[in-house]
1. Only residues in the stretch 46-67 that are on the phi > 0 side of the Ramachandran plot count as the first member; pair them with residues that are assigned to a helix (DSSP H, G or I) and at pLDDT 95 or above, Cβ under 8 angstrom, at least 6 apart or cross-chain, and list the lot.
2. Specify the residue that is modelled with the lowest pLDDT; the eligible residues are those in the stretch 258-288 that are of a type outside the set (Ser, Thr, Tyr), part of a loop (DSSP other than H, G, I, E, B) and under 16 Å from GLU238 (Cβ atoms).
3. Report the residue count in the stretch 107-133 for those that are surrounded by 20 or more Cβ atoms within 10 Å (Cβ to Cβ) and within 12 Å of the chain's Cα centre (by Cα).
4. Please verify whether the stretch 152-160 includes one or more residues that are closer than 26 Å to ILE295 by Cα and without any contact (Cβ under 8 Å) to a residue 24 or more places away in the chain.
5. Assuming ILE92 fulfils every condition listed in (1) in contact with a Lys or Arg (Cβ under 8 Å, 6 or more places away or on another chain); (2) farther than 17 Å from LEU117 by Cα apart from one, which condition is it?
6. Would you pick out the residues in the stretch 150-193 that are under 19 Å from THR139 (Cα atoms), outside any helix (DSSP H, G or I) and at pLDDT 95 or above?
7. From (1) modelled with pLDDT of 85 or more; (2) among the acidic types (Asp, Glu); (3) more than 27 Å from the chain's Cα centre (by Cα), pick out the condition that doesn't hold for GLU236.
8. Can SER205 be described as of a type in the set (Gly, Ala, Ser) and outside any loop (DSSP other than H, G, I, E, B)?
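The values are calculated or read from the model by the stated rules, or taken from the named source; none is laboratory data. Since the structure is predicted, the reported quantities are computational estimates derived from the model, not experimental observations. Note: ideal-geometry Cβ built from the backbone for every residue, glycine included; neighbour counts use all protein chains shown.
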Amino acid sequence: MLLPDPRRGYAGLQDNQQSEIVNNLLAMLCYNASMIRDAILDYINHTEDLTYLADVFAHNDTTQLVDGIVDLLDNRDNDMVGQVCLFIRDLILVAPQHGLGLDFCDAFSTSAIVPALEKLVLADNHFTRKHAIYTLGKTCSIGSVPALQHAFEELRDRDPIILPGLVFELRWLGLDAQETLLLIEDMITSPQFATRWAALAIVESYSEAGDLDGGEFYGRCFERLRYDDHPLVQAEAEYRYQQWQLAQRPSSLTEIEHQQQKTDLKSHQPAILFWDVSIRHSNHLYAHHIADYSIADLEQFIADMTRAKPDRPAG
């Protein structure tokens, strides 16, 4: 293969020789890019394989890895994005624990990967958005908080299913308690019942975990949503409110009495909860190769679920 002399460059070469050298260099670059791309996409078959990761770092420097990752993210193919996001997370979360890829880890927060992921949080594919949001959170991309806050504004009444995960990652990245509570409050005022229902799921999760120091706030949210216009939101809000009330009662009950009250309350759990809808709707999209959904699609899916379930508490 004809390549330039490192001491003389192209001096003394004929035009056809120069052209051949350029073509050979381009072919080498394409070959290297293809090798990096294959290594990234094949990682799904070698998850947390330290030997595989060590080999990746041995044959590719940080710049090459960043370029390869960004090229694949820009492709916007959801299956590829999912595989690349898994690769990114393990380069940041797994490899450094074993002394691998420290240079890559140090360079990550200021690399082109972060803005590439930020663009994907508003992609026209529900799963791509989910991959990007989750990966920004798990890689502790604190600088991405404004991009995720903007995504919340855009997705509040467009993708209610994604909102609990989005709010969780914002909180994980350091959004303070008051700002997080304001996001939940904003969801509760939404004209879309699915968004209000998603807010209820977030409140329920945080109230159980004791996060946000929002005891009174939780009570107000449950109280307001108990009188929601939509019966599914209203039913779950009543159930969560009773759970919250039980948790607030003085500990004068014996453990057996407390467990009995929890069991009695469980018998009044609504037939459909938000998390039921979230899981089944996501499974539905995936199984039918549907990239995204509209609010009308989601409402129809919920209506179909409601017809298929008994209109009574689950016993």
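1. GLU48/ASP90
2. HIS268
3. Total satisfying the criteria: 11.
4. The answer is yes, given that some residue of the stretch 152-160 is closer than 26 Å to ILE295 by Cα and without any contact (Cβ under 8 Å) to a residue 24 or more places away in the chain.
5. With (1) in contact with a Lys or Arg (Cβ under 8 Å, 6 or more places away or on another chain); (2) farther than 17 Å from LEU117 by Cα applied to ILE92, the lone miss is (2).
6. Hit for the stretch 150-193 is LEU173, nothing else.
7. Evaluating GLU236 over (1) modelled with pLDDT of 85 or more; (2) among the acidic types (Asp, Glu); (3) more than 27 Å from the chain's Cα centre (by Cα) leaves (3) as the failure.
8. yes
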